Amino acid sequence: MNKGLTADWRRKLQELARGNEEYAKFHKRIVNTKKMVLGVRVPDLRKTAKSLAGEMKTAADVQEFLTDINDQILEEVLSAGFVINYAKLNADDKIKLTRNYLTKVDSWAEVDLFSEHHKKADLDKYWDCAMASLQDKNEFVVRFGIMVCLANFLTAEKLASVFAALRQLKSDKYYVKMAMAWLYAEAAVKFYEVTMAEIKRAEIDEWTRRKAWQKMLESRRISDSHKAEIRAARKRND
């Protein structure tokens, strides 16, 4: 990969961050990362990453970029994730690069902004990737597995399998449990009765159940009648 290209990209990030000091402070607090935050806004990161990805012809080019980034700067790690997404590579290569990328993350933003919908032809491979991620010890790798399920597998064909996998997930990590609650709230939009029955199961811990109900009540895509049922269920649970 052209080293000058990376140097130009870094200079561009510094330009885009200029004058955004207050945003950088705010974003660091919201993201809750230990990394340095420059203050580059996400649309600008995506734009520069898309340009970079267009210059990378092989998985080896992307891997070299992943190796070269400063993994103590949030925007550099996020950019690497976006480059993986935009690069014209096959699913096997992208999944290998994803595993490398996930070793560098320490926040929900680096997971959630990276997670995306995948091509139908690649879904079997990403299902396997998600299930493997759920078994990981790292909080944010597990969150990634949940987010892949949320983005791709809340379907009539896969919903039961997603729920079965999450029942086996025993974690007290905040960002794991928040992702689970979010997934249940999203599932309830299209599969309300099945999802409500699922989160009442004994395998679902009380904190996650209540947080899922809260997110359902905050959703504009769940009907008022269903929200009344959720409030009643929550009250019976007190």
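Throughout, read-outs are computed from the coordinates displayed, never taken from laboratory work. Not measured: the values here are computed from a predicted model. Positions of Cβ are generated from backbone atoms using ideal geometry, with glycine treated the same way; all protein chains shown enter the neighbour counts.
Can you tell me which of GLY39, GLY145, GLY54 moves the most in a GNM of the chain? Springs connect C-alpha atoms under 10 Å apart. Fluctuation is largest for GLY54.
Under the Kirkwood approximation for Rh and a Cα-based Rg, what ratio Rg/Rh is obtained for segment 1-114?
Numbers: Rg = 13.3 Å, Rh = 14.1 Å.
My calculation of the ratio gives 0.95.
Phi-derived couplings, Karplus 6.51 cos²θ - 1.76 cosθ + 1.60 at θ = phi - 60°, listed residue by residue for segment 84-91: 4, 5, 7, 5, 8, 10, 7, 4 Hz, with x used for Gly and Pro. Helix 59-68 and the longest principal axis of the C-alpha atoms of the chain enclose an angle of approximately 80°. Sparsely packed loop sites in segment 40-102 (the trypsin sites (Lys or Arg not before Pro) outside DSSP H, G, I, E and B with at most 16 other Cβ atoms within 10 Å) comprise ARG41, LYS57, LYS88.
Could you tell me whether the chain comes out rounded, prolate or oblate from its Cα gyration tensor? Rule is a ≥ b ≥ c as square roots of the eigenvalues, rounded for a/c under 1.5, then prolate if a/b exceeds b/c, otherwise oblate.
prolate
Between segment 82-122 and segment 203-237, the alpha-carbon centres lie 31 Å apart.
Test of understanding: ordering TYR184, TYR174 by Cβ neighbours within 10 Å, fewest first, what list do you get? Let's see the in-between values first.
Values: TYR184 26, TYR174 13.
Ordered by Cβ neighbours within 10 Å, fewest first: TYR174, TYR184.
In this structure, the amide hydrogen of PHE191, modeled 1.01 Å from its nitrogen in the peptide plane, lies closer than 5 angstrom to no residue at least 5 positions away or on a different chain.
Computed from the C-beta positions of LYS158 and GLU15 and an R0 of 35 Å, the FRET efficiency is 0.20 to the nearest 0.05. With the Cα gyration tensor of segment 142-219 giving a ≥ b ≥ c as the square roots of its eigenvalues, does the rule (a/c under 1.5 for rounded; else a/b larger than b/c for prolate; else oblate) give rounded, prolate or oblate? Taking the square roots of the gyration eigenvalues as a ≥ b ≥ c, segment 142-219 is rounded.
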